[in-house]
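This report concerns only the one structure given below.
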């Protein structure tokens, strides 16, 4: 897995609440049997009309917004367990998603793909939206070691929570499969004592 | 220490707790399907790791399958390729597959319980968020992403933080015509779509105790729609009677022995929850959704509430509704009875009982999709197929179908569909489709009337 240590970049705002994984990547694109190509269809039906033309009012299509940080409304990633959603966001070029709330499965899927979900307070989120709206060149600094996110120009900073184990995995680029395989003896011993 | 039902099952499956980190949780049954497994199989191949416990995995094809002519090669080439990969992966790894056409084939959350694969006290996972369904048996069951599917392939375990505990109590007497689907839609409309995030939810109270297993599955199925990773109900006589005698359920002495253990799977008196809510059964009515998430639901007799938020405005604009209006008498051209929420025999009995002797309205396309081959066979055995066909409903072959519209069963853009599925997200049933979630009874009544009706007005 790709490491994540720190990132300083501009952000793309998506001020919509309850963005579900069907919007992130619609089900009709889940027929692939590999992980490639999902970025093209990220937010497909919000980004493009039926003829495949870009919708001008959608932030990802607006030139003034760019960067590797996606800032989204409350309860991001609800709905289906499809990991294709995390693959699509990562493949499009985002490395961090910021929201005031993440759905559990999406959060886990992101962490397993080196995409960092940063949960901030509703107040900080609204400051972010305001700052990006005022100046799309606003720089954000995300520091995983210190578990902090900073609006550089405004000198506004907030700490975020992350599971200590997952933090270590991201900082070192390790993933869960290697870890679990290293525990197979323990798992076999558990199976032996399992009575029911 | 006093323990909840959830604690008892969880604690019995922890291989190791990592300090300040997740638990290694042992998984008793891993269910897989064609859409979320191929990349996981590839991951193992790339690392040259074998599947650790193939005998604890069961596969089915359900999400990306046609509901017509299942005996013919699948027309859509990408779908055919995905199904072929599932078959190959299962063959190469000695995994039991109930593929298209097999008598045990069906939606993963319908076929596993009906075959007795799902049993109380187990831990179960599947690369599908509605795995919460199996909690109806007093099982810890939850959806996982594809990376975790690969973890379970490699170690029969997942790394997961123990969730917090939530209990939702519903006590009292349900009104005539109120179904389990209405109960769960009501709970979600009251609590919202993220109230359960970070929690596992136990449903308690006489309303759940009196429900059939089919009803309990409908309730637990939608736990994820309030954000909860899973939901569960303590096993009781209803559970044991359902499980006993099923194909893969333990038999004879083994069953009796297990039953003694299952009887201990109850929340201890005085055990604490991190959060608890209580509702009165009498307050619940048939429910419909008016927006683009399952929390945007109202009693069928109510008007769409005012809400100033930008997201709510976006949802109403998508649906073509305005705050303050009622959904009653809205013309509807599509209804869908199916999905892992409502495609079990009881759902079709309820629908058929209402439809019997009536005709669907001319404007309505009514689609009935059983959850499994076994449910389809039961529909035929009970003669329900005749009722549906005579009323002008299309009875299809099993699968997820129009719930997520990966196959040809799509609702056209701009059209409303009263659907017994679980998600009313934008475009969920096809690009531009507008979903109104409801019970099988509401869907059946809508099909007959050609518009949304409050059928309770006609009940005794």
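The values are calculated or read from the model by the stated rules, or taken from the named source; none is laboratory data. It should be emphasised that the depicted structure is a prediction, and the values quoted were computed from it without experimental measurement. Glycine also receives a Cβ, built like all others from the backbone with ideal geometry; neighbour counts cover every protein chain displayed.
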For residues that are surrounded by fewer than 15 Cβ atoms within 10 Å (Cβ to Cβ) and away from chain A (no Cβ under 14 Å), tally how many sit in the stretch B:304-328. 7
Qualifying positions in the stretch B:416-431 - farther than 18 Å from residue A:21 by Cβ and not in a strand (DSSP E or B): B:420
Consider residue B:447 carefully, then state whether it is assigned to a helix (DSSP H, G or I), buried (at least 24 other Cβ atoms within 10 Å of the Cβ) and over 22 Å from the mean Cα position of the chain (by Cα). yes
Complete set of residues in the stretch A:13-39 that are surrounded by fewer than 19 Cβ atoms within 10 Å (Cβ to Cβ) and in contact (Cβ under 8 Å) with a residue 60 or more places away in the chain: A:15
Can you say whether residue B:184 is more than 30 Å from residue B:39 (Cβ to Cβ) and touching a helix residue (DSSP H, G or I) at 6+ places or on another chain (Cβ under 9 Å), as far as the supplied structure shows? yes
State whether the residues of the stretch A:26-33 include one that is within 26 Å of residue A:143 (Cβ to Cβ) and touching a helix residue (DSSP H, G or I) at 6+ places or on another chain (Cβ under 6 Å). no
Quick one: residue A:42 ticks every box in (1) farther than 30 Å from residue B:46 by Cα; (2) touching a helix residue (DSSP H, G or I) at 6+ places or on another chain (Cβ under 9 Å); (3) surrounded by 18 or more Cβ atoms within 10 Å (Cβ to Cβ) bar one, so which box is it? (1)
Within the stretch B:1-52, tally of residues that are over 29 Å from the mean Cα position of the chain (by Cα), more than 9 Å from every other protein chain (Cβ to nearest Cβ) and either in a strand (DSSP E or B) or closer than 20 Å to residue A:175 by Cβ (or both): 5
Please state which one of A:121, A:126, A:100 is free of Cβ contacts under 8 Å to residues at least 40 places away in the same chain and within 11 Å of chain B (Cβ to nearest Cβ). A:100
Applying the selection to the stretch B:427-437, what residues are in contact with a helix residue (DSSP H, G or I) (Cβ under 7 Å, 6 or more places away or on another chain) and either closer than 19 Å to residue B:303 by Cα or crowded, with 23+ Cβ neighbours inside 10 Å (or both)? B:427, B:428, B:429, B:434, B:437
Tally up the residues in the stretch A:142-196 that are over 30 Å from residue B:45 (Cα atoms), within 14 Å of chain B (Cβ to nearest Cβ) and at pLDDT 95 or above, please. 3
Applying the selection to the stretch B:378-412, what residues are more than 26 Å from residue B:449 (Cβ to Cβ) and without any contact (Cβ under 8 Å) to a residue 60 or more places away in the chain? B:378, B:380, B:381
Has the stretch B:392-406 got at least one residue that is within 14 Å of chain A (Cβ to nearest Cβ) and over 18 Å from residue B:342 (Cβ atoms)? yes
With the stretch B:103-160 as the region, which strands (runs of 3 or more DSSP E) entirely inside it contain at least 3 residues that are more than 17 Å from the chain's Cα centre (by Cα) and modelled with pLDDT of 95 or more? B:157-160
Of the residues A:113, A:109, only one is within 11 Å of chain B (Cβ to nearest Cβ), surrounded by 14 or more Cβ atoms within 10 Å (Cβ to Cβ) and part of a loop (DSSP other than H, G, I, E, B); which? A:113
Identify, by number, the condition in (1) more than 13 Å from chain B (Cβ to nearest Cβ); (2) closer than 30 Å to residue B:128 by Cα; (3) touching a strand residue (DSSP E or B) at 6+ places or on another chain (Cβ under 6 Å) that residue A:93 doesn't meet. (3)
In the stretch A:79-90, what residues are closer than 17 Å to residue B:427 by Cβ and either part of a loop (DSSP other than H, G, I, E, B) or more than 12 Å from chain B (Cβ to nearest Cβ) (or both)? A:79, A:80, A:82, A:88
Just name the residue that is farthest from the chain's Cα centre (by Cα) out of those in the stretch B:54-65 that are crowded, with 20+ Cβ neighbours inside 10 Å and more than 8 Å from every other protein chain (Cβ to nearest Cβ). B:57
Going through the stretch A:152-185 in order, the residues found to be crowded, with 19+ Cβ neighbours inside 10 Å, touching a residue at least 60 places away in the same chain (Cβ under 8 Å) and assigned to a helix (DSSP H, G or I) are A:169, A:170, A:176
